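J.: Here's a structure for you.
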Amino acid sequence: MLRQWGIDSVARLPDSVVPMAPDDRPIGVFDSGLGGLTVARALLDLLPGEHVVYFGDTGRFPYGPKPAEEVLKYSLEIVDVLLDRDVKMIVIACNSASAAALDQLRDRLDSPVIGVIEPGLRAAARVTQSGRVGVIGTVGTVASGAYQQAGARIDRELELTCAACPGFVEFVEQGDVDSDQVHVLAERLLAPVRNAGVDTLVLGCTHYPLLARTIADVMGPDVVLVSSADETAFEVRATLGAVQDPHPRRRVNFITSGDVDTFKTLGAQFLGPEVERVEAWSWS
């Protein structure tokens, strides 16, 4: 049976996480497109009393193949939009943007900024039995070396095998997560981590949990899949530190730089019925 490290896990967080004082302002979340809605879903499940503002930059999607400098520029622009909505913290629900912009945003902002790379890798370090951990992500994320750098900080004994999976994100954004074409692509792209004999695989892109069934079929039943989305939600909860309202009247607002109707249709598949009102945003 496939074992998955998911939302019911108990996260062990770094000592640097300092709980915030109670604050009713929303959490700002952004991604290059729809994949970050997997993080938003985890946040809504784990923190039912929190308000969320989500920005999906679908008009400039995808980030993975773009240069790091361009992704940083986009990230800074989106954060400005979220700060104008008076968010209390920023969650970078995108591995490519986390690799390109996390450190710079932490240096520039007074409010907490949380990425998706270290939470997922910390979870993998806890559950691996062999020390051989695989990471799959976009071309940009893998080429950045961000996971290798994080692995050195978390546990130098980890043996990481990273593999880029171009095409995965595009299939997910089209709503195709289980076709024969996706399975054939997964067989080819996952070969490096499978051949490395990993016992744990980090889904190093927030789109990839939607492909978990196909990835699990290819990797086999003895490989644990780790969702960065779920682990990031645990870190957000630890950072907030406040007791949640047992009877929440939460607000979930969505903004997209792409087509609103497409965002609503596919967003409902990623996140659920909360995707109702979507605001259009133009960079021009």
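The values are calculated or read from the model by the stated rules, or taken from the named source; none is laboratory data. Nothing here was measured: the structure is a model prediction, and the numbers come from that model. Positions of Cβ are backbone-derived with ideal geometry, glycine not excepted, and every protein chain shown enters the neighbour counts.
J.: Scanning for something at pLDDT below 90, surrounded by fewer than 12 Cβ atoms within 10 Å (Cβ to Cβ) and in contact with a Phe, Trp or Tyr (Cβ under 9 Å, 6 or more places away or on another chain), does the stretch 257-272 turn up at least one residue?
T.: No, every residue in the stretch 257-272 fails to be at pLDDT below 90, surrounded by fewer than 12 Cβ atoms within 10 Å (Cβ to Cβ) and in contact with a Phe, Trp or Tyr (Cβ under 9 Å, 6 or more places away or on another chain).
J.: Mind checking which residues of the stretch 22-39 are among the small types (Gly, Ala, Ser) and modelled with pLDDT of 95 or more? First the steps, then the outcome.
T.: So the first thing to find is which residues in the stretch 22-39 are among the small types (Gly, Ala, Ser), and the list is 28, 32-33, 35-36.
Once the filter is applied, which keeps residues that are among the small types (Gly, Ala, Ser) and modelled with pLDDT of 95 or more, the stretch 22-39 yields only 28.
J.: Here's something else I'd like to know. Name, by its number, the condition in (1) in contact with a Ser or Thr (Cβ under 8 Å, 6 or more places away or on another chain); (2) closer than 22 Å to residue 211 by Cα; (3) of a type in the set (D, E, K, R) that does not hold for residue 122.
T.: Of (1) in contact with a Ser or Thr (Cβ under 8 Å, 6 or more places away or on another chain); (2) closer than 22 Å to residue 211 by Cα; (3) of a type in the set (D, E, K, R), only one is false for residue 122: (1).
J.: I'd like to check something: does the stretch 117-127 contain any residue that is surrounded by fewer than 19 Cβ atoms within 10 Å (Cβ to Cβ) and in the same structural domain as residue 207 (by TED's automatic domain parsing)? First the steps, then the outcome.
T.: Of the stretch 117-127, the ones surrounded by fewer than 19 Cβ atoms within 10 Å (Cβ to Cβ) are 126-127.
Adding the requirement that they be in the same structural domain as residue 207 (by TED's automatic domain parsing) leaves 126-127.
Checked the stretch 117-127: at least one residue is surrounded by fewer than 19 Cβ atoms within 10 Å (Cβ to Cβ) and in the same structural domain as residue 207 (by TED's automatic domain parsing).
J.: Another question, then. Which members of the stretch 167-179 meet the condition of being over 15 Å from residue 215 (Cβ atoms) and either modelled with pLDDT of 95 or more or surrounded by 14 or more Cβ atoms within 10 Å (Cβ to Cβ) (or both)?
T.: Let us first name the residues in the stretch 167-179 that are over 15 Å from residue 215 (Cβ atoms), namely 170, 173-175.
Listed by number, the residues that qualify are 170, 173.
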